[in-house]
Amino acid sequence: QVQLVESGGGLVQAGGSLRLSCAASRSIFSLYTMGWHRQAPGKQRELVASISTIHTTKYADSVKGRFTISRDNAKNTVYLQMNSLKLEDTAVYYCAGFRTGWSLWGQGTQVTVSS
């Protein structure tokens, strides 16, 4: 069983930056496409960014040009660098792993953007 633990969330002013990290408990992390999802109050969970096993990245239109996903397989860690944060980025951010489906999930970390 692979466990995912997120860190790096917090309170930031609009226009600021945060870097989220997600550490996996096992080295099979490298076999998974990894992604960051978020869920704002009253809204459905959405996929924000993903990175494949060969480091191909995809982004939701709402974060393109502002967020960057990366992974370090040697450290079993995936990152989400978030710049130019907006009020609407406020949400709980979840790290997740995909093979045949999004089968691995972290506990989530809160990101709050204030004006």
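The values are calculated or read from the model by the stated rules, or taken from the named source; none is laboratory data. It should be emphasised that the depicted structure is a prediction, and the values quoted were computed from it without experimental measurement. Counting neighbours? That spans all protein chains shown, and the Cβs are built from the backbone with ideal geometry, glycine included. Surface accessibility is based on the protein's heavy atoms, side chains included, excluding ligands, DNA and RNA. Shrake-Rupley method; radii C 1.70, N 1.55, O 1.52, S 1.80 Å.
For Leu31, state whether it is under 11 Å from Gly97 (Cα atoms), out of contact with any Leu (no Cβ under 7 Å at 6 or more places or on another chain) and open to solvent by 50 Å² or more (accessible area, probe 1.4 Å).
Yes; evaluated as a whole, the condition is true for this residue.
A quick yes/no check of all residues on (1) closer than 18 Å to Glu6 by Cβ; (2) modelled with pLDDT under 95; (3) in a helix (DSSP H, G or I); (4) touching a Phe, Trp or Tyr at 6+ places or on another chain (Cβ under 7 Å):
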residue: Phe29; (1), (2), (3), (4): yes, yes, yes, no
residue: Met34; (1), (2), (3), (4): yes, no, no, no
residue: Tyr79; (1), (2), (3), (4): yes, no, no, no
residue: Ser84; (1), (2), (3), (4): no, no, no, no
residue: Cys95; (1), (2), (3), (4): yes, no, no, yes
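Out of segment 79-115, which residues are in contact with a Lys or Arg (Cβ under 7 Å, 6 or more places away or on another chain) and exposed (fewer than 15 other Cβ atoms within 10 Å of the Cβ)?
Asn83, Ser84
Give the number of residues within segment 25-50 that are more than 13 Å from Asn76 (Cα to Cα) and not polar (S, T, N, Q).
Of the residues in segment 25-50, 13 are more than 13 Å from Asn76 (Cα to Cα) and not polar (S, T, N, Q).
Which ones in segment 38-70 are under 19 Å from Gln3 (Cα atoms), touching a helix residue (DSSP H, G or I) at 6+ places or on another chain (Cβ under 9 Å) and open to solvent by less than 20 Å² (accessible area, probe 1.4 Å)?
Arg38
Report, ordered by the first and then the second residue, all pairs with beta carbons closer than 6 Å, sequence separation of six or more or different chains, a first member in segment 1-22 that is under 20 Å from Phe98 (Cα atoms), and a second member that is in a loop (DSSP other than H, G, I, E, B) and among the hydroxyl-bearing types (Ser, Thr, Tyr).
Once the first residue is under 20 Å from Phe98 (Cα atoms) and sits in segment 1-22, its partners that are in a loop (DSSP other than H, G, I, E, B) and among the hydroxyl-bearing types (Ser, Thr, Tyr) give Val2/Ser25; Gln3/Ser25.
Among residues belonging to segment 16-27 that are open to solvent by 50 Å² or more (accessible area, probe 1.4 Å) and modelled with pLDDT of 95 or more, point out the one that is nearest to Leu104 (Cα to Cα).
Arg19
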